[in-house]
1. When residue 209 is evaluated against the numbered criteria (1) of a type in the set (S, T, N, Q); (2) farther than 30 Å from residue 67 by Cα; (3) in a strand (DSSP E or B), which criterion, by number, is the only one it fails?
2. Looking only at the stretch 76-96, decide whether some residue is modelled with pLDDT of 95 or more, over 21 Å from residue 230 (Cα atoms), touching a Phe, Trp or Tyr at 6+ places or on another chain (Cβ under 8 Å) and not polar (S, T, N, Q).
3. Give, as residue ranges, the helices (runs of 4 or more DSSP H) completely inside the stretch 1-120 that count at least 2 residues that are surrounded by 18 or more Cβ atoms within 10 Å (Cβ to Cβ) and among the hydrophobic types (A, V, I, L, M, F, W, C).
4. Taking the options 135, 164, 214, name whichever one is closer than 22 Å to residue 240 by Cβ and either part of a strand (DSSP E or B) or of a type outside the set (Lys, Arg) (or both).
5. What number of residues within the stretch 25-52 are in contact with a helix residue (DSSP H, G or I) (Cβ under 6 Å, 6 or more places away or on another chain) and under 21 Å from residue 128 (Cβ atoms)?
6. Right, residue 272: modelled with pLDDT of 95 or more, more than 18 Å from residue 4 (Cβ to Cβ), of a type in the set (Val, Ile, Thr) and part of a strand (DSSP E or B) or not?
7. Determine if the stretch 179-197 includes at least one residue that is assigned to a helix (DSSP H, G or I) and surrounded by fewer than 24 Cβ atoms within 10 Å (Cβ to Cβ).
8. Which pairs turn up if I take residues in the stretch 176-187 that are closer than 12 Å to residue 155 by Cβ and look for partners that are aromatic (Phe, Trp, Tyr) and buried (at least 22 other Cβ atoms within 10 Å of the Cβ) with beta carbon separation below 6 Å, at least 6 apart in sequence or on another chain?
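The values are calculated or read from the model by the stated rules, or taken from the named source; none is laboratory data. No experiment lies behind these values; they were computed from the predicted model shown. Every residue, glycine among them, receives a Cβ derived from its backbone with ideal geometry; neighbour counts consider all protein chains shown.
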Amino acid sequence: MTTMQYKVAAVQAAPEFLDLAKGVDKAVSLIEAAAAEGASLIAFPEVWLPGYPWWIWLDSPAWGMQFVGKYFANAMEVGDVQYERLRKVAADNSIHVVMGYVERAGGTLYLSQALIDDKGMTIANRRKLKPTHVERAVFGEGDGSHLAVHNTRLGRLGALCCAEHVQPLSKFAMYSQNEQIHVASWPSFSVYRGAAFQLSAEANLAASQVYALEGGAYVLAPCAIVSKSMIEMLVDTPAKEGLLLEGGGFTMIFGPDGGPLAKPIPETQEGIMYADVDLGLIGLAKAAYDPSGHYSRPDVVRLLFNKREMQRVEAFESDYVIVEQGGVE
């Protein structure tokens, strides 16, 4: 049975940069704190474990190679020890968790989100469909199966990462699945401040807010902070000082009418933002706008949506049987 009214939480905090075990320790503390406040869902920023690879925006690929080995080593695999710790803390505290993390699968890294229910069961593990700009030098791509909305006790839950919220067709694919509560995970609005408005807090908070308005869904937009220790590690020349700034946390939660539901946390301050959800208000919001329902014109424009999981290798058996004498049957 779906719970109609409950409290949600969105994290604004710096990661334990390039240290997966310490990051999970911090995640456990934040999850326990949110549960103690009565939250039924807590959402974390994009690749919060073990942090966003800011070096890709700051210098040449050759310079950034110094971080690659450690980043790969501190990525999380589905079902590994650290992943199981997240499942356990969700179950122990009866809280749903949406965790942004770097997923390692074989030799490839993905910008992933783990959706875990309040019993510690994995609802889904999704990957960012298309890494943004220089992210494509680090991460692989997801597929249509990762544009999914899931039935949960809290309603129909979905998630996207960062600039996926400016992809109109991806958004429409999510809206069409009757999403009710959405996690929009962001890494921090600290890079190229004042030089690239499309990377700014103003632009990207607007994207989260528009998602709530268009989708008629509650949107949790957790956002990480760039810490002083991260600056000391990454900003090693005066030329880089203006490229990545400390802070950049602009977490917000929006209602299904697009309205903000909480007071902002100062951008350099860590905290957990809370808001109350009432799924009954979604019908009121959609009475005005429902772009994948009564406010659509499928006779004019429609979306082609391939939801199949991508298979890189398809194994099949031969139609022939080799007999002992070397002949073919």
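1. Just one mismatch for residue 209, condition (3).
2. yes
3. Values: elements: 20-36, 61-73, 81-92.
Of the helices (runs of 4 or more DSSP H) lying wholly inside the stretch 1-120, those with at least 2 residues that are surrounded by 18 or more Cβ atoms within 10 Å (Cβ to Cβ) and among the hydrophobic types (A, V, I, L, M, F, W, C) span 20-36, 81-92.
4. Result: 135 is the single residue among 135, 164, 214 that is closer than 22 Å to residue 240 by Cβ and either part of a strand (DSSP E or B) or of a type outside the set (Lys, Arg) (or both).
5. 4
6. Values: modelled with pLDDT of 95 or more: yes; more than 18 Å from residue 4 (Cβ to Cβ): yes; of a type in the set (Val, Ile, Thr): yes; part of a strand (DSSP E or B): yes.
For residue 272, the condition - modelled with pLDDT of 95 or more, more than 18 Å from residue 4 (Cβ to Cβ), of a type in the set (Val, Ile, Thr) and part of a strand (DSSP E or B) - is met.
7. Yes.
8. 181/218
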